[in-house]
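Participant: Pasting a structure below so you can have a look.
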Amino acid sequence: MPHITSVWAGFYDAPDPAPIAAEITSACADIPRNAARLLNSVTLAMRFSIGSARTALAAVQAGWSARQPHDSVRAIWTISDTVEISCHALSQSCTDLAAAVSKAHAEVRAEYSLADSFIDSSGIRDDPSLYDIDGMRHVGTERIALVARLCARFSAVSRALDADAARMCAQLAVDPGTAVPYPEHNPSRTRHEANTARLRSDLRNPTGRQGLFAAHINEALSQARDKGYTAQLLSYEPNCPIGQGGVAIAIGNVSSASSVSVLVPGVGNSPVDIAGSFDLANELNAATESAAGINSSAATVLWLGYDLPLSWPSDGAMNTPRASVNGAIHDSVRAIDATSALMGGVLLTTFVHSLRPLVNGAANLTLIGHSYGSTTVSQAARSLAKSDGVDAIVLLASPGAGYGITTADDYKGIDADQVFSLSFPLDPVPKIGHSTVISGLNPVTQAARKMAFGVDLGPFGPNPADASFRANVMNAPSNAPDGGSLDFDQHALTNYLSGESLAAVGAVTAGRYGHVPVHPPK
Amino acid sequence: MLGNLEVDTDEIRRARAALVDAADCHAQPATLPEVAAVSATLRHATCHGSAPVREALRLSIQRAEQGLEAAKRLATMTLSTADRLSSAAIAFDTVEQVCVGGN
């Protein structure tokens, strides 16, 4: 039941204090309180371990005159000490945050309680007699003043809490584990070695398209090495999906990265051209590390594991003239709706399930889709659960979010708050995606969509950059000059991953969501 | 240049035992059921509030997870060092036995 002041706010057409109060009280103090408990348990564990590490150092110094063993044992002592200090400070910050949230809750309760007391003591709860004009005027003035006072008080509480939260964000900026080296066992490297063994086997017996595919992937890995990149072959499927070949190559070490992104490109890209995106992945890593702060490390996985429409000219899947013509027609039809993205979403979900065990448990994991790839990412996100550990999705230059999705709230595994989209105003593809011409090209699938999903939101689904989708729409200008109508430079992935838009995406992949420039909700 | 090496394998074994104790301490948070329960609660928590508050809440969750991960990694590193000390003590004893046998 709404508080009487909200009823009055409606009646007198004044700003309602309740939404401000609700935003304050919706913040859960148990989150930082529990985080503090966990950090405290680590602090205590480190503190207890230091005594044993000190004993170990004394014993090894007494028992072995060489210096290296002393250094190894001393390192355990000093690292334990560093982690203890870091976790203790973080635990204190979390406790302070919980206290700030609880204090704000208490202030909201107290303000409402004071308001209730004032209402009772001043006799403004009940309406005066209809004939008492002065009484009505007096009561109205008092009520409006009280509502305005409550709004002002809650706004002040909210501002104070925001200031405390911003200060805590600065104090919580450091990963407490940066001092602890990663074990030599590196699961992403193990996966890479297993896949490169299969690749080498295909190179030894190069037959047909599979041999061509292997040669291209081998060349891509060699180009990455020449540029000094750490490249990990995380998926190598020369015949899947549907004979095109699928591949995932990470630029950066996935197992030791504090932020991992999976970048899914759209139509016209081919697994055999993957090397062309390595520099872009490296730039995204740099933007992520810059947003995340000191001691962070990033890795970007280029995932071309779905049946990308219009990638046939370069992947050699159609290796005879007749097959090529048939393939071109078939591929072009597939590019005009989200069916391939629906299937691709299933494959991407499977890939995410196989990727998460390779990634450090505390690392941020973000899925980024560009163009048709954004539709694929959205379709994967539809079936992801919270436990799958994807923190955020970014939909760039999207023709649509695909089927079975109406708003960002429909993703069960990802908070709507962490769904981001960006479409440059002059990019033709998001517009083409929602044109009635495209929609009418394939009436059969139009009818099928209506039957399967109950509603037809177009061949590519809803536009994630529309306010009605309720995603965070990033606020960054295009980096390409206006080239007139149908300017596909506006649509290029390189345009989206440069300048301010790259920095915005980097803030998402670093998990610094508060630093992402977004348009205010409409 | 090689210098004279002085070794007391009993002390090395004492160092190893102390490191195993240290590794037990490091690993303890990850083995406590109440820590696992709190960690699971945090993993599924949804952060509400204004943008700065949500950011701070998310960071608190992330730092807690990273703290636990750090403790686990440090336990692995400490155990690995303890294992290396143990191997060294065995190797030194073997060398000594060979030398004594040779004399």
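Participant: Can you tally the net charge around A:C169? Count Lys and Arg as +1, Asp and Glu as -1, for every other residue whose Cβ sits under 13 Å from the Cβ of A:C169. Show your work: numbers first, answer last.
Facilitator: On the way: positive: A:R167, A:R512, B:R54, B:R58, B:R63; negative: A:D96, A:D162, A:D164, B:E55.
Counting the neighbours of A:C169, the net charge comes to +1.
Participant: Using amide H atoms built in the peptide plane, which far-off residues or other-chain residues are under 5 Å from A:N364 H to H?
Facilitator: Amide H neighbours of A:N364, under 5 Å, 5+ apart: A:S259, A:V260.
Participant: Let me ask you something else. What is the average number of partner chain Cβ atoms found within 10 Å of a Cβ in B:31-44?
Facilitator: 3
Participant: Can I ask one more? When the dipole is taken about the Cα centre of the range B:4-60, and only Lys, Arg (+1) and Asp, Glu (-1) are charged at their Cβ, what size is it in debye, to the nearest 20?
Facilitator: On the way: 6 positive and 8 negative charges, 110 e Å.
That gives the range B:4-60 a dipole magnitude of about 520 debye.
Participant: Using DSSP, restrict attention to beta bridges with both residues in the protein assembly as shown and report what percent are antiparallel, rounded to the nearest 5. Before the final figure, lay out the partial values.
Facilitator: On the way: 13 of 35 bridges.
If we restrict to bridges inside the protein assembly as shown, about 35 percent are antiparallel.
Participant: Could I ask something else about it? How much of the calculated P(r) for the protein assembly as shown lies past 34 Å, in percent of all Cα pairs? Each step should come with its number before you reach the end.
Facilitator: On the way: 106207 of 195000 pairs.
Roughly 54 percent, once rounded to a whole number.
Participant: Looking only at other chains, what is the average number of their beta-carbon atoms within 10 angstrom of each beta-carbon in A:96-108? Working shown, then result.
Facilitator: Details: counts 0, 5, 2, 0, 2, 4, 0, 0, 2, 0, 0, 0, 0.
Across the residues of A:96-108, the mean count of other-chain Cβ atoms within 10 Å is 1.
Participant: Within chain A, how many Lys pairs sit with Cα atoms under 25 Å apart, leaving out pairs fewer than 8 places apart on the same chain?
Facilitator: Values: A:K386/A:K412; A:K412/A:K450; A:K412/A:K522; A:K431/A:K450; A:K431/A:K522.
Value for chain A: 5.
Participant: I would also like to ask the following. When the C-alpha atoms of the range A:1-90 are aligned to their principal axes, what extent does each axis show, in angstrom, from largest down?
Facilitator: 85, 17, 11
Participant: Near B:K72, which aspartates and glutamates are there with a Cα under 20 Å away, not counting those fewer than 8 places off in the same chain?
Facilitator: In chain and number order, the partners are A:D81, A:E84, A:D175, A:E184, B:D21, B:D24, B:E34, B:D83.
Participant: Evaluate the relative contact order of chain A (contact order divided by residue number), counting alpha-carbon pairs under 8 angstrom at least 6 apart; express in whole percent. Mind dumping the intermediate values first?
Facilitator: Numbers: 900 pairs, mean separation 55.3, N = 522.
Contact order relative to length: 11 percent.
Participant: Whole angstrom only: what separates the Cα centroid of the range B:59-94 from the Cα centroid of the range A:122-174?
Facilitator: If you average the Cα positions of each part, the centres end up 55 Å apart.
Participant: Read phi for every residue in the range A:462-474 and hand back ³J(HN,Hα) as whole Hz from Karplus 6.51 cos²θ - 1.76 cosθ + 1.60, θ = phi - 60°, with x for Gly and Pro.
Facilitator: 3J(HN,Hα) across the range A:462-474, in whole Hz: x, 7, x, 8, 6, 4, 5, 6, 6, 8, 7, 8, 5.
Participant: Can you list residues whose amide H is under 5 Å from A:G402's amide H, if they're 5+ apart or on another chain and H is modeled 1.01 Å from N?
Facilitator: Hits under the 5 Å cutoff: A:G461.
Participant: Another question about this same structure. With labels modelled as points extended 7 Å from the Cα through the Cβ direction, what inter-label distance (nm, one decimal) is found for A:Y182 paired with A:R225?
Facilitator: 2.0 nm
Participant: Sequence-distant or interchain residues sharing an amide H contact under 5 Å with A:S421, placed H: which?
Facilitator: A:L395, A:N472, A:V473, A:M474
Participant: Still on this model: May I ask for the distance between the Cα centers of the range A:28-86 and the range A:209-272, given as a whole number of Å?
Facilitator: A separation of 40 Å, based on Cα centres.
Participant: Which whole-Hz ³J(HN,Hα) couplings does the range A:46-61 yield from phi under the Karplus relation 6.51 cos²θ - 1.76 cosθ + 1.60, θ = phi - 60°, glycine and proline marked x?
Facilitator: 5, 4, 5, 6, 5, x, 5, 5, 5, 4, 4, 5, 4, 5, 6, 5
Participant: Please list, in order along the range A:340-357, the HN-Hα scalar couplings obtained from phi with the Karplus expression 6.51 cos²θ - 1.76 cosθ + 1.60 (θ = phi - 60°), rounded to whole Hz, x for Gly and Pro.
Facilitator: Along the range A:340-357, the couplings run 5, 5, 4, 5, x, x, 5, 5, 5, 4, 4, 5, 4, 4, 7, 7, 4, x Hz.
Each reported figure results from applying straightforward, stated rules to the coordinates on display, with no laboratory input. This structure is a prediction, so every number in the text was calculated from the model and none was measured. As a convention, Cβ positions derive from the backbone with ideal geometry for all residues, glycine included, and neighbour counts pool all protein chains shown.
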